Each structure stands twice: as C-alpha cells, then as structure tokens.
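First up is the structure itself, then whatever we jot down about it.
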Amino acid sequence: MASVQWIASHHTTRIRLLIPMNLRLESVSHEEGSLIELPNLPATIGRSDESDVQLDDRWLSRQHCELDVHDGGVVLRDLGSKHGTFVNETPIDAAEVQPGDEIRVGLSRFVVRFG
C-alpha cells in the first residue's frame, strides 16, 4: 500500500504519493546506465531548479513533463513543452508508461524501470 505525504510550497500545495514500486529512470543518452530514483510522485522533469529531476539539456523546458500515478499506473504528462515529450518515439500529451518503455525529453533518453 502506498503512503501519502503533504508537500507545501509558496506556489501550491499538493499530495505526493510514495509508491512502493520504486520507479527509476535509466539513462540511455547522457551518462549511460546511470539511474534516477523516483520514490515520490508526482515528479517533474525539466531545467528549472524547481524541477524534481533537473537536467542540463538545452532542449528541455523549465518544467518539461511530469510523472504521476493515475488509476494504479504511472502516467507521463507533457507540461506544454516546446520540443515535446516522447514515449517509444511517439509524441504524447499524456501516456501510461510500462517497464522497458523509453522516454525522450529534449536530448535526454531514459528507460523506465520498476523494482
């Protein structure tokens, strides 16, 4: 069972779901093989200091996309980025991701891992 944590900031208050599946993103572009652990969702990806996963990638928007839990699955949602968000090379507005799926944001590519 997942636990819930309240997160408050000067911008918004939201609930973070602490998921037991241990979501990870494995880099297949920069520093190939490195893992980004995402124990808390939602998690934003972008260039901004306010992003949960901050990447130095000139093709990323400040707040590029977000991973969140919806109906028991993990959903990747584009946040209106200029260059788009892709799952298995298909442009998406929102899509459920599965282990082994490839996410591309800007010049960065990751494989989704659960475990």
Residues of the range 11-39 classified as modelled with pLDDT of 90 or more and either within 22 Å of residue 82 (Cα to Cα) or not acidic (Asp, Glu) (or both), total: 8
The residue from 105, 69 that alone is touching a residue at least 40 places away in the same chain (Cβ under 8 Å), within 12 Å of the chain's Cα centre (by Cα) and under 16 Å from residue 22 (Cα atoms) is 69
Taking residue 100, is it exposed (fewer than 13 other Cβ atoms within 10 Å of the Cβ), in a loop (DSSP other than H, G, I, E, B), in contact (Cβ under 8 Å) with a residue 40 or more places away in the chain and in contact with a strand residue (DSSP E or B) (Cβ under 7 Å, 6 or more places away or on another chain)? no
Some residue of the range 75-88 being outside any loop (DSSP other than H, G, I, E, B), touching a Pro at 6+ places or on another chain (Cβ under 9 Å) and polar (S, T, N, Q): yes
Among residues of the range 58-79, those that are open to solvent by 100 Å² or more (accessible area, probe 1.4 Å) and aliphatic (A, V, I, L, M), counted: 0
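The values are calculated or read from the model by the stated rules, or taken from the named source; none is laboratory data. Please read these numbers as outputs of a predicted model, since none were measured by experiment. For neighbour counting, all protein chains shown are included, and Cβ atoms are generated from backbone atoms with ideal geometry for every residue, glycine included. Areas reflect the complete protein model, heavy atoms only, side chains present, ligands, DNA and RNA absent. Shrake-Rupley method; radii C 1.70, N 1.55, O 1.52, S 1.80 Å.
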